[in-house]
Amino acid sequence: MYAIPAWWVFLNVAEKDRIESVIKIGKRYGYLPSDFENAHSLVKSMESKLFDSVRYNTNHVSHLLKRTFICDNDLIPLPFLQKTTI
């Protein structure tokens, strides 16, 4: 279920209901606690945790790219993108 935020939006209603039924069966037979979340709320909480882990991790690649290529909201000109004359 670690990758569920990535593919949850591509599931149809029947497939989401099947995941819900697996959770209900797990609760019924004692494999999951009775107060375990339903699939929809589980996905929402996982999405927010993933977003926060990227947002607040200063070593994440998005932060590194921002520090490397953007300075004071202006793009730094990259030499290989500039036209050269021979």
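Of note:
- Residues of the stretch 2-24 satisfying the condition of being within 20 Å of the chain's Cα centre (by Cα), closer than 13 Å to residue 40 by Cβ and exposed (fewer than 10 other Cβ atoms within 10 Å of the Cβ): 9
- Within the stretch 41-56, residues that are within 13 Å of residue 8 (Cβ to Cβ) and free of Cβ contacts under 8 Å to residues at least 60 places away in the same chain reach partners that are part of a helix (DSSP H, G or I) and not hydroxyl-bearing (Ser, Thr, Tyr) with beta carbons closer than 7 Å, at six or more positions or on different chains, in the pairs 43/4; 43/5; 43/8; 46/4; 46/5; 47/5; 50/5.
- Test: residue in the stretch 43-56 that is at pLDDT 80 or above, hydrophobic (A, V, I, L, M, F, W, C), within 16 Å of the chain's Cα centre (by Cα) and assigned to a helix (DSSP H, G or I): yes
- Residue 83 meets all of the listed conditions (1) surrounded by fewer than 10 Cβ atoms within 10 Å (Cβ to Cβ); (2) of a type in the set (Lys, Arg); (3) at pLDDT 85 or above but one, namely (3).
The values are calculated or read from the model by the stated rules, or taken from the named source; none is laboratory data. Values in this document were obtained by computation on a predicted structure and should not be read as measured data. Neighbour counts are summed over all protein chains in view; Cβ atoms, including those assigned to glycine, are modelled from backbone coordinates with ideal geometry.
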